[in-house]
Amino acid sequence: MTYVLTEREEQLIKKINRLRKEKNAIILAHYYQRGEIQDIADVVGDSLELARKAQKTDADIIVFAGVRFMAETAKILNPDKKVLHPNPESGCPMADMATYQALKKMKEEHPDAVVVAYINTNADVKTLADIIVTSRNAVKVVKSLDAKKIIFVPDKFLGSFIAKQVPEKEFIFWEGFCPPHFNLTAEQLLELKEKYPNAKIAVHPECNTSAVEIADFVGSTSQIIEFATTVDADTVIVGTEVGLKHQLEKINPNKNYVFPETADYCGIVHCCDMKKNTLDKIAEVLENETNEVVLPEDVMEKARLPLERMVKIV
């Protein structure tokens, strides 16, 4: 996906580069961000990669180009650093589906269960978790737990994907989901398969079960990159957020990556919230050090424990 910068964007990038050097700042960006933001980021990754980098960085300022829970996670892991979120309106509908009070009630109803929370949760919900997982490490983490009963929050589709691989445990699923991934159907993938009969299908486990069941590969964003760029197929049908196309084409431009009904970021799997971060907003928060992520000390302390448990396992 070739993107040509405008003169104004080039000037913004020069400004961003100057400011991050002056202020010892690092820019972290998720794979679902706009291509131009991925290109200027110090690190581009999925939730697990960015969580690790956030914990290890020696920068004074972290600018997190992602959605709100990601910036919160960076702050939780780096309480002494200044974490800036380019656009506070960039939230996650799935994360918002899980609330503190409702999860607290579920825990009370199942006192013998361990709460496994997807990293795609807000900070207050993380305080109730026993451990955090990402889509890349969820199966490994859940298998490592002694508990036989798991409350999995908030994505019921990722939870179902894990449960099938860990049948020895009992799962209680939160009724949450990622709207963009949920909207992708098996029928849409099969229509593309008819058009590209030799193609392989790779999807994210946040997709609904019917789409997951017909895929050749199911994995996190970074795992999809590994599969799609190396698999012995000229065409890969990719069932995840369209921002990933930018990285795929940079890593291996010789393959054809097909995203369902994709056209200028208007595809089926398109996260409007991820695209709310822009070069303008990154330059603005770096210059004025605004939109700082501020969380109560007790929330950060409680939420850090399940995050650190995850990091130790993976």
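Mind telling me which of the residues 302, 250 ends up being charged (D, E, K, R), surrounded by fewer than 20 Cβ atoms within 10 Å (Cβ to Cβ), closer than 21 Å to residue 154 by Cβ and not assigned by TED's automatic domain parsing to the domain that holds residue 69? I'd like the intermediate steps shown before the answer.
Values: 250 fails: closer than 21 Å to residue 154 by Cβ.
Within the list 302, 250, the selection yields 302.
Tell me the residue from 203, 153, 212 that is under 28 Å from residue 108 (Cβ atoms) and β-branched (Val, Ile, Thr), please.
153
With the structure loaded, tell me whether residue 179 is crowded, with 22+ Cβ neighbours inside 10 Å and under 17 Å from the mean Cα position of the chain (by Cα) or whether it fails that test. Before the answer, list the steps.
Working: crowded, with 22+ Cβ neighbours inside 10 Å: no; under 17 Å from the mean Cα position of the chain (by Cα): yes.
Spelling it out, it is not the case that residue 179 is crowded, with 22+ Cβ neighbours inside 10 Å and under 17 Å from the mean Cα position of the chain (by Cα).
Restricted to region 182-199, and to residues that are in contact with a helix residue (DSSP H, G or I) (Cβ under 9 Å, 6 or more places away or on another chain) and part of a loop (DSSP other than H, G, I, E, B), which residue is surrounded by the most Cβ atoms within 10 Å (Cβ to Cβ)?
Here the answer is 184.
Could you tell me whether any residue of region 64-79 is farther than 21 Å from residue 150 by Cβ, over 14 Å from the mean Cα position of the chain (by Cα), not in a helix (DSSP H, G or I) and not aromatic (Phe, Trp, Tyr)?
yes
Is there a residue in region 215-228 that is farther than 18 Å from residue 135 by Cα, without any contact (Cβ under 8 Å) to a residue 40 or more places away in the chain, surrounded by 15 or more Cβ atoms within 10 Å (Cβ to Cβ) and not assigned by TED's automatic domain parsing to the domain that holds residue 36?
Within region 215-228, not a single residue is farther than 18 Å from residue 135 by Cα, without any contact (Cβ under 8 Å) to a residue 40 or more places away in the chain, surrounded by 15 or more Cβ atoms within 10 Å (Cβ to Cβ) and not assigned by TED's automatic domain parsing to the domain that holds residue 36.
Please work out which residue is nearest to the chain's Cα centre (by Cα), limiting yourself to region 108-144 and to residues that are assigned to a loop (DSSP other than H, G, I, E, B) and among the charged types (D, E, K, R). Spell out how you get there, then give the answer.
Kept after step one, since they are assigned to a loop (DSSP other than H, G, I, E, B), are these residues of region 108-144: 110-113, 119-122, 127-130, 134-137.
With the extra rule that they be among the charged types (D, E, K, R), the set shrinks to 112, 130, 136.
Values: 112: 29, 130: 20, 136: 10 Å.
Taking the candidates together, the pick is 136.
Checking the structure you have, find out if any residue of region 32-47 is free of Cβ contacts under 8 Å to residues at least 40 places away in the same chain, touching a strand residue (DSSP E or B) at 6+ places or on another chain (Cβ under 9 Å) and at positive phi.
No: zero hits.
When you scan region 268-314, how many residues do you find that are among the β-branched types (Val, Ile, Thr), assigned to a loop (DSSP other than H, G, I, E, B) and touching a helix residue (DSSP H, G or I) at 6+ places or on another chain (Cβ under 6 Å)?
2
Would you mind finding the one in 202, 263, 233, 228 that is among the small types (Gly, Ala, Ser), modelled with pLDDT of 95 or more and part of a loop (DSSP other than H, G, I, E, B)?
Only one candidate qualifies: 233.
Which residue pairs have Cβ atoms under 6 Å apart, sit 6 or more places apart or on different chains, and have a first residue in region 149-169 that is in contact (Cβ under 8 Å) with a residue 24 or more places away in the chain and a second that is basic (Lys, Arg)?
150/169; 166/143; 169/148
The values are calculated or read from the model by the stated rules, or taken from the named source; none is laboratory data. Owing to the predicted nature of the structure, the values given are computational and were not obtained by experimental measurement. All Cβ positions, glycine included, derive from the backbone under ideal geometry; neighbour counts span all protein chains shown.
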